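Input: a single structure, listed below in structure tokens.
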Amino acid sequence: MQETDILIIGGGVTGTAIARELSRYDVDVILVEKEADVASETSKANSGIIHAGYNADPEKLKGRLNVRGNELFDQVAKELNVPFKRIGSLVVAEKKEEIKILKELKKKGEENGLSNLEIVQGERLDELEPNINQDIIAALYAPTAGIICPYELTIAQAENAAKNGVEVLLETEVLDIKVKTDYKLVKTNQGKIKTGYVINAAGVYADKIAQMVGIDEFEITPRRGEYYLFDKEKGSEVNHVIFQVPTKVSKGILVTPTVDGNLLIGPNAEVIDKKDDVATTSNGLNEVINGAQKTLSDLSLRGVITEFAGLRAAEVESGDFIIEASKQVEDFINVAGIQSPGLSCAPAIGEFVVGLLEKEGLELKDKKYFDPYRQEPIRFRELTHQERAELIAEDDRYGQVICRCETVTEGEIVDAIHRPITAKTLGAIKRRTRAGMGRCQGGFCSPRVAEIISRELEIPMTEITKEGSGFEILCEPAKQSLQAEVVDYE
Ligand SMILES: Cc1cc2nc3c(=O)[nH]c(=O)nc-3n(C[C@H](O)[C@H](O)[C@H](O)COP(=O)(O)OP(=O)(O)OC[C@H]3O[C@@H](n4cnc5c(N)ncnc54)[C@H](O)[C@@H]3O)c2cc1C
């Protein structure tokens with residue numbers, strides 16, 4: 001049986017931010033994630049916006065944490081070597097009465113501490129966004145909003161936490177928790193873990209984890225959001241993150257470049273029953289394209305390379321994050337209801353949870369060897385000819401292009417496999433290197449990536465999966481199935 005001081009449940013952006021923050025201190029931390037990779041649920045399927053902080057009410061925890069989180073991003077992105085661009089955001093108004101909403105948002109932002117919000121019109125608006133619809137009459141401009149790749153951030157946080165001593169256990173699902181007098185016994189599908197503290201960062205499942213220790217105070221309702229992602233050719237249609245005026249349940253359909261240069265539109269907002277229903281639907285996607293056309297009237301589906309959906313973990317009653325030490329169960333911390341702007345808040349949530357643990361009596365001594373930096377992965381496509389030639393001379397695996405759409409080399413895939421969090425699925429390689437993210441969506445490179453994983457990790461091809469057990473890409477060796485057919489015919 002494993003033992004630890006603190007067990008974090010959930011390897012999304014929240015759990016990994018907390019893990020990284022805790023890895024600064026001299027405590028034993030284990031993070032368990034039920035899937036085969038970190039960032040396998042909501043943290044891989046969202047808009048990737050680091051919000052400026054004008055949307056959430058100042059009296060809400062999410063309002064406060066958004067502003068702090070946004071401030072921390074330059075440093076976090078630099079330390080973790082994750083691309084981050086402060087491109088700014090616009091909330092656009094088409095009707096005169098919507099300008100009132102822009103003014104209310106500006107006021108809310110100022111109460112949250114933002115001093116650089118501006119309502120822009122006329123030439124200034126044209127200058128910022130020359131391609132948007134001409135019937136847009138004004139916008140709230142927030143220069144500090146940014147874009148980031150949400151799964152790259154999550155992976156980087158996990159890698160850095162692991163480098164600093166956190167044990168990250170993948171494919172480890174928490175099934176039950178027994179509260180003992182001075183510890184908790186956590187039953188997983190891989191065995192038991194004895195822990196002092198439990199941090200529940202299980203996303204849409206946070207209510208289920210809380211119920212395991214008898215906490216029935218909140219319910220997480222999944223609210224699905226669907227997206228279209230366009231080819232990089234479309235990435236320069238807009239310069240900023242462009243929102244429409246928000247509704248009660250969502251910030252409306254946005255149009256934004258991604259940090260990798262694609263164009264992203266979405267999400268809609270639909271309350272659903274199942275916590276794992278990330279299917280896209282024709283109704284949802286119609287809502288997305290119709291909504292985006294209010295910002296860019298000429299936008300068509302030409303250039304779409306994929307569609308996807310993510311689930312907001314909404315705690316409907318409070319509409320806020322629930323980040324607190326339970327009053328019912330000692331040393332049990334819920335980090336629940338982390339819907340938007342959870343990505344923007346992640347580093348601030350990490351700080352906040354460490355503060356809560358200290359209040360709960362955990363003694364935190366700085367670690368002598370904490371290293372905040374994560375080694376930057378090589379991005380071959382971004383190198384000059386000279387740099388490429390030098391790299392290939394050192395290691396000829398960088399001369400083998402595996403994914404032609406995104407120019408990803410064998411060297412990058414091998415590096416991704418052997419980083420502190422082992423990448424062993426096609427999805428994990430895709431999120432780390434972009435192999436399979438281009439126009440053909442893995443049609444050409446997937447078999448070659450599978451071969452490399454099989455060779456490097458010494459596992460048979462039939463065990464290579466897209467996203468973990470149950471998502472195998474081959475049933476059996478082709479010869480075997482051909483033989484079976486022959487036998488059948490006989
Ligand atoms: C459509 C949409 C758009 C969004 N856009 C933005 C945005 O632009 N900006 C922004 O700031 N925020 C945005 N958000 C919010 C943001 O994505 C979330 O707040 C954030 O990703 C939540 O991360 P998390 O770690 O709490 O949850 P998750 O990423 O869901 O992580 C929870 C993890 O817990 C694991 N888990 C669950 N149960 C168990 C168990 N029993 N045992 C072990 N592991 C378990 C899951 O597998 C999962 O990996 C958006 C959300 C959605 C859905």
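The values are calculated or read from the model by the stated rules, or taken from the named source; none is laboratory data. Just so it is clear, the structure is predicted and the values come from calculations on it, not from any experiment. Every residue, glycine as well, gets a Cβ built from its backbone with ideal geometry; the counts of neighbours run over all protein chains shown. The protein model used for the area step is the full one, side chains on, heavy atoms only, and it has no ligands, DNA or RNA in it. Shrake-Rupley method; radii C 1.70, N 1.55, O 1.52, S 1.80 Å.
Okay, here's what the table says:
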| read-out | value |
| --- | --- |
| Charge dipole (the chain, unit charges on Cβ, about Cα centre) - positive-most of G113, V38, S300 | G113 |
| Normalised contact order of region 380-481, rounded percent, pairs of Cα under 8 Å and 6 or more residues apart | 20 percent |
| Options V401, I417, C475, ranked by Cα towards positive dipole end of region 380-481, top entry (Cβ charges) | C475 |
| Magnitude of the charge dipole, the chain, Cβ model with Lys/Arg +1 and Asp/Glu -1, debye to 20 | 700 debye |
| Whole-number percent relative contact order across the chain, with pairs defined as alpha carbons under 8 Å at least 6 apart | 19 percent |
| Calculated over the chain: convex hull of Cα atoms, volume per residue (Å³) | 174 Å³ |
| For region 216-279 versus region 282-319, the gap between their alpha-carbon centres in whole angstrom | 5 Å |
| Carbon/sulfur fraction of accessible area - the chain, other protein chains in place, 1.4 Å, % | 46 percent |
| In region 389-469, GluC sites (Glu not before Pro) in a DSSP loop with at most 12 other beta-carbon atoms within 10 Å | E458 |
| Per residue accessible area in Å² of region 39-177, where ligands, DNA and RNA are left out and the probe is 1.4 Å | 41 Å² |
| Lone cysteines, the chain (no partner Cβ under 4.7 Å) | C149, C345, C405, C440, C475 |
| Region 380-481 - accessible surface per residue (Å², probe 1.4 Å) | 54 Å² |
| Values of log10 I(q)/I(0), in the order q = 0.17, 0.24 Å⁻¹, for region 208-272 under a Debye, Cα-only, solvent-free model | -0.68, -0.96 |
| Nonlocal amide H pairs with E3, under 5 Å, H built at 1.01 Å | K194 |
| Probe 1.4 Å - accessible area at E382, Å² to nearest ten | 120 Å² |
| Given charges at beta-carbon only (K, R positive; D, E negative), |dipole| of region 380-481 in Debye | 440 debye |
| Region 380-481 - Kirkwood radius from inverse mean 1/r over Cα pairs (Å) | 14.1 Å |
| With DNA, RNA and ligands ignored, accessible area of T306 (1.4 Å probe; Å², nearest 10) | 40 Å² |
| Qualifying trypsin sites (Lys or Arg not before Pro) for region 200-282 [loop in DSSP, other Cβ within 10 Å: at most 13] | K248, K274 |
| Mean ellipticity per residue at 222 nm, deg cm²/dmol - from DSSP H runs of n ≥ 4 across the chain, formula -39500 (n - 2.57) | -9500 deg cm²/dmol |
| Charge dipole magnitude, Cβ of K and R +1, D and E -1 - region 149-267, Cα centre, debye nearest 20 | 360 debye |
